[in-house]
Each structure stands twice: as C-alpha cells, then as structure tokens.
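Data first, discussion second: the structure below is written as structure tokens.
The values are calculated or read from the model by the stated rules, or taken from the named source; none is laboratory data. Because the structure is a prediction, the values reported are computed rather than measured. For neighbour counting, all protein chains shown are included, and Cβ atoms are generated from backbone atoms with ideal geometry for every residue, glycine included.
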Amino acid sequence: MPITIATFNVNSLRARLANVQDWLRLAKPDVALLQEIKCQEHEFPQLEFQSLGYNCAALGQKSYNGVAILSRFKFDVVQRGLPGDDGDDQARYMEADIEVPAEQTREQGAQKLRVATIYLPNGNPVESEKYPYKLAWMKRLRQRAAELLKTEMPVVLGGDYNVCPTDDDVYDPAGWAEDALCKPESRAHFRAIVNLGYTDAFRAVCSEINRYTFWDYQAGRWQRDEGLRIDHLLLSPQAADCLSDCQIDRYPRKQEKPSDHTPIWCRLDL
C-alpha cells in the first residue's frame, strides 16, 4: 500500500487549526510536514492531532517560524535544527525516521523513511542581512542533504523553500526577478541541492508551467491565479524510485481565512 507525504506551510497553527484539521480529515496524508506553526512547543496542539490518529513532534519559537511533523506511523526525531551553525536559534528544520510498517510496503517488510520539514528563510529585503543569511542557510542545507544521501535511505526533504526554481514557477518573472525568491543566487543554491541527486517530485510528475503553491493575500492574487511555486518535495534516489504521484492540493486555499500556501503531496510505493 503506498504512503502519502504532504508538506504545508500553515501560516500560524493558532489562527488556522480548524483549517488544518479539516484538511487532515479530507486528505488523510500518512505524514504531514508543517511549517510556520508560529508557536512554542508547549503551545503545540498535540491532543488535537492525536485525536485524528497522528503522532506528532514540533520545534517551535514564540510568534515566528516553527516546524512540525505529524505521522500515522511511529517515528523518532533524529535532528532538531539544521546543523552547521550553533548560533542559529531559528526554528526552521527538523528530521525524523518514520517507521513504515510491513503491511504498507511492497516487500512486506518494515522500512524506515527519513523525512525533514524545512522552512527556508525568505531572504527579503535582499539589501539587508536577511539575504546573506538565506544563502548561508541553503549552503548548510546542501551539506546536510549530501550527508543524508550517504545513508542510502529513502529521504524526503519537504517544506517551504522560499525559492521559485525557474521562471515557469512564478506568475510574473520580470516583476519578481530581483526578489530573494527568484534571484539567480537563490536558484543556483536550490539547483545545487537537487544536483546532488535529488528529484523535484512535482516536476517529475507534472511538466505544466504556472502551477503554484502560494498566492499572496493582496491584490486578488488567488482569484487571478497569480502565484508562486515555492513549496517542494525533494526525493533521494531511493525515494524517487518509489514515486507514483505528486500533486498540489488547492482545496485548503479556497477556505475561509486560509493560509497563503496550500499543501503539496507525493505518493511513494515503498
């Protein structure tokens, strides 16, 4: 039986818990990687997610950032925070080993799946210290991604990367050319991660341009479908070999008081 892994920048769990619960009930992902939860760990709504059948773990901070992992299967958190800078206290990265039971795998044997939930820095304004921080963070992510390939495990690096990989992933390439999400350096760092041997799950399945995961709240961007594809699922070769589908779920963005992001999910036949 295939398993489904989704990533979703929820843009504040406290503000959108009902929306997230509604999505979980309908979409039923086996693993959900959440970003921008904007709450400390003691405020994380663990009981609400457990009532829906999910084990959960969070890495949070007050009012900003924050990531979480929900899973129908047991898992162990193996990394809290992105390695490479002991002085970086922003809650943007967490890894876990998911214990996929035998009945969920093709070989009828239990298997471990490594997942990471990622909230990559936005980097704007580019003239500030935020853009060098973004690029340095991406270099650290590339190093960690390279280390994970050495495990030869199926690995899924999912999250809000705050990068439009190409002009096909932004509604107005010229207008966004100097934004941190589209600048050549940001795209080059993203390609450097992919070129280690990772597969962009969505592009492996869908070549259609102008498919988005984010629409700004302002200026009717959602209504005009003027968006960005900045939420990604990158798969190691062992995971990519099992990929059977990957889709953007637009339903949550249609709801009342939605996140400005919408989930993207992939299906793996492990």
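Would you confirm whether or not the stretch 204-212 contains a residue that is part of a strand (DSSP E or B) and β-branched (V, I, T)?
Of all residues in the stretch 204-212, those part of a strand (DSSP E or B) come to none.
No: zero hits.
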By residue number, the members of the stretch 42-74 that are of a type in the set (G, A, S) and either loosely packed, with under 14 Cβ neighbours inside 10 Å or in contact with an Asp or Glu (Cβ under 6 Å, 6 or more places away or on another chain) (or both) are S51, G53, A58, G60, S63
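Quick check on E48: is it closer than 28 Å to Q238 by Cβ, among the charged types (D, E, K, R) and over 16 Å from the mean Cα position of the chain (by Cα)?
Working: closer than 28 Å to Q238 by Cβ: no; among the charged types (D, E, K, R): yes; over 16 Å from the mean Cα position of the chain (by Cα): yes.
Considered against the rule, which asks whether it is closer than 28 Å to Q238 by Cβ, among the charged types (D, E, K, R) and over 16 Å from the mean Cα position of the chain (by Cα), E48 comes out as no.
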Looking at N19 and the list (1) of a type in the set (S, T, N, Q); (2) assigned to a loop (DSSP other than H, G, I, E, B); (3) surrounded by 18 or more Cβ atoms within 10 Å (Cβ to Cβ); (4) more than 13 Å from the chain's Cα centre (by Cα), which single condition is not satisfied?
(2)
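Of these, V126, V115, which one is at pLDDT 95 or above and part of a strand (DSSP E or B)? Quick ask: steps written out before the conclusion?
On the way: V126 fails: part of a strand (DSSP E or B).
Result of the check over V126, V115: V115.
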A192 passes all but one of the listed conditions (1) assigned to a loop (DSSP other than H, G, I, E, B); (2) more than 17 Å from the chain's Cα centre (by Cα); (3) at negative phi; (4) of a type in the set (G, A, S); the exception is number (1)
Looking at the stretch 20-39 only, could you name the residues that are among the polar types (S, T, N, Q) and more than 22 Å from N162 (Cα to Cα)?
Q21
Restricting attention to the stretch 184-223, the residues that are charged (D, E, K, R), in contact (Cβ under 8 Å) with a residue 24 or more places away in the chain and surrounded by fewer than 16 Cβ atoms within 10 Å (Cβ to Cβ) number exactly 3
In the stretch 168-183, which residue that is in contact with a helix residue (DSSP H, G or I) (Cβ under 8 Å, 6 or more places away or on another chain) and among the hydrophobic types (A, V, I, L, M, F, W, C) is farthest from N124 (Cα to Cα)?
V170
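List the strands (runs of 3 or more DSSP E) inside the stretch 36-83, counting only whole elements, that have at least 2 residues being in contact (Cβ under 8 Å) with a residue 12 or more places away in the chain and touching a Ser or Thr at 6+ places or on another chain (Cβ under 7 Å).
In the stretch 36-83, the matching strands (runs of 3 or more DSSP E) lie at 67-71.
Considering only residues that are surrounded by 22 or more Cβ atoms within 10 Å (Cβ to Cβ) and under 15 Å from the mean Cα position of the chain (by Cα), which ones fall in the stretch 247-270? Please lay out each step first, then the result.
Let us first name the residues in the stretch 247-270 that are surrounded by 22 or more Cβ atoms within 10 Å (Cβ to Cβ), namely 259, 261-266, 268.
If the condition is that a residue be surrounded by 22 or more Cβ atoms within 10 Å (Cβ to Cβ) and under 15 Å from the mean Cα position of the chain (by Cα), then S259, H261, T262, P263, I264, W265, C266 are the ones that fit.
Only one residue in E152, E147 is over 18 Å from the mean Cα position of the chain (by Cα), on the phi > 0 side of the Ramachandran plot and surrounded by fewer than 15 Cβ atoms within 10 Å (Cβ to Cβ). Which one? Spell out the reasoning first.
Working: E147 fails: on the phi > 0 side of the Ramachandran plot.
That would be E152, the only listed residue that is over 18 Å from the mean Cα position of the chain (by Cα), on the phi > 0 side of the Ramachandran plot and surrounded by fewer than 15 Cβ atoms within 10 Å (Cβ to Cβ).
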Go over the candidates V163, V115, V126, V77 one by one and state the one that is β-branched (V, I, T), surrounded by fewer than 23 Cβ atoms within 10 Å (Cβ to Cβ) and within 17 Å of the chain's Cα centre (by Cα).
V77
I'd like the full set of residues that are surrounded by fewer than 17 Cβ atoms within 10 Å (Cβ to Cβ) and in a loop (DSSP other than H, G, I, E, B), limited to the stretch 172-183.
D172, A177, E178
